[in-house]
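Contents: one structure, followed by commentary.
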Amino acid sequence: MRPAHLVPPLFAGLCDDAALFPPGDAPVAEAVPGHRNHRSAWYAPLVGPFLVGADRIAEVGAAAEETGGAGLPLDVTLVVRGGPAGLAAAIEETVKWPGLRLVGVELGPDGDGSVAEAAARGCAALDRELPGQHVFGAVELRRDPAHAGSGGKADKRDRGAMELALDVVAASPYRAKYRTGGLEPQAFPSAEELAAFITACAGRELAFKCTAGLHHAVRHVDPATGFTHHGFLNILLATHFAVQGADAVAVAEVLADHGAEGLAAVAADLTDDQVERARRAFTAYGTCSVLEPLEDLTDLGLLPPA
C-alpha cells in the first residue's frame with residue numbers, strides 16, 4: 001500500500017461517494033463493499049463519506065452491518081432531496097442502524113415560495129433535527145425553472161434570488177449546495193451561472209459543495225449525450241480565484257476552460273495557504289465513480305501513477 005500522503009491536501013476528502021445515485025445507480029450490494037475498499041486503499045484520503053438517499057437507508061444499513069458490523073461503521077451523509085418534510089423520519093431511520101455513522105445531512109429544497117424562503121425552511125429544519133455537533137448540514141439551493149428556457153444562463157433577477165438565498169444560508173451554521181448537472185440539458189448551469197454562485201459564496205465566506213455531472217476533472221463534452229459537463233478541477237481553481245478576489249467574469253473563464261494541461265499546472269503551483277482557502281470554500285462534490293477522478297488526476301500528473 002502506498003502512503004496516504006501521496007494524496008495532496010488540495011484533493012483530500014474531495015470525492016463523496018455517490019455510487020448509488022444516477023447515472024451510476026450501483027446496487028447496494030456492490031456499492032457498500034466498494035466504498036469500504038476505497039477507504040482502505042492508498043488513495044483513501046481522496047474519498048469522503050458514502051452518500052445515502054432517504055429511500056435506501058435500511059438497505060444500506062443492513063449491507064454495512066454485513067460487511068463491517070457495528071465495530072466498523074460506515075460514515076454516511078444522508079441526502080434528503082424531497083425537502084424538510086422528510087428530514088426527521090430519515091434521520092430517525094439512519095440512527096437506528098449501528099452499522100451507519102451519520103456525519104452529514106444534505107437537504108434538498110421544497111417547491112414552495114421563493115428560493116430564499118425554501119432555503120430558510122431548510123435551515124430551520126436542520127436546526128430542529130440535526131442530532132449533534134459532529135454532523136454537518138448542507139442546504140441545496142433551488143435553481144429557478146426559468147433556467148431551462150435560457151440554456152442555463154442566469155439573468156439579473158435569477159442572480160438576485162440566488163444571493164438572497166445565500167444570505168439565508170450564510171447566516172446559519174450550514175453549507176450551501178448547488179446542482180451542477182443531471183440527466184437533462186437544463187440541469188447543467190452555464191459557466192456564468194455557476195461563477196455567480198461561487199463568487200457569491202466566496203464573498204460571504206460560505207462553504208459549499210457541488211453535486212451531479214462532475215464526471216471528470218476538466219470541462220468536456222460527453223460524446224454520448226452532447227452535454228457540456230463542468231470539471232471538478234475547474235471548480236476548484238475557480239474557487240481559488242474567487243476567494244482571492246476575482247470577479248464573476250474571471251471565474252466564469254476558469255470554469256469554461258477546456259485546457260487540461262494549463263489547469264493542472266495552476267493546481268500544481270498553488271501554495272499551502274491557497275489550497276487551504278480554496279478547500280475551506282469548496283468542501284466536496286458527489287461522484288458516482290471514485291475511480292474516474294482518481295484516473296483523471298493521475299493522468300494530469302496531480303496524483304502519482306499506479
Within the stretch 107-124, of all residues that are in contact (Cβ under 8 Å) with a residue 24 or more places away in the chain and not hydrophobic (A, V, I, L, M, F, W, C), the one surrounded by the most Cβ atoms within 10 Å (Cβ to Cβ) is Gly122
Margin query: Here is a check on your reading of the model: is Thr287 more than 17 Å from the chain's Cα centre (by Cα) and farther than 23 Å from Val168 by Cα?
Written below: no
* To do: State yes or no: is Gly152 among the small types (Gly, Ala, Ser) and either in contact with a strand residue (DSSP E or B) (Cβ under 9 Å, 6 or more places away or on another chain) or modelled with pLDDT of 95 or more (or both)?
  => no
**OP:** Would you mind stating whether Gly82 is at pLDDT below 95, surrounded by 15 or more Cβ atoms within 10 Å (Cβ to Cβ), out of contact with any strand residue (DSSP E or B) (no Cβ under 7 Å at 6 or more places or on another chain) and within 26 Å of Tyr178 (Cα to Cα)?
**Re:** yes
**Request:** Report yes if Ala165 is modelled with pLDDT of 95 or more and touching a Phe, Trp or Tyr at 6+ places or on another chain (Cβ under 8 Å), otherwise no.
**Result:** no
query = Of the residues that make up the stretch 208-221, is at least one closer than 24 Å to Val105 by Cα, crowded, with 17+ Cβ neighbours inside 10 Å and touching an Asp or Glu at 6+ places or on another chain (Cβ under 7 Å)?
reply = yes
Picked from the stretch 85-96 (must be of a type in the set (A, V, I, L, M) and under 13 Å from Pro131 (Cβ atoms)), the residue surrounded by the most Cβ atoms within 10 Å (Cβ to Cβ) is Leu87
Filter the stretch 48-79 for residues that are over 13 Å from Lys96 (Cα atoms) and modelled with pLDDT under 95; the one that is surrounded by the most Cβ atoms within 10 Å (Cβ to Cβ) is Thr67
Across (1) in contact (Cβ under 8 Å) with a residue 60 or more places away in the chain; (2) in a loop (DSSP other than H, G, I, E, B); (3) more than 23 Å from Ala176 (Cα to Cα), Gly13 clears everything bar (3)
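The values are calculated or read from the model by the stated rules, or taken from the named source; none is laboratory data. Keep in mind that this is a model prediction, so the values were computed, not measured. Cβ coordinates were reconstructed from backbone atoms using ideal geometry, including for glycine residues, and neighbour counts include every protein chain displayed.
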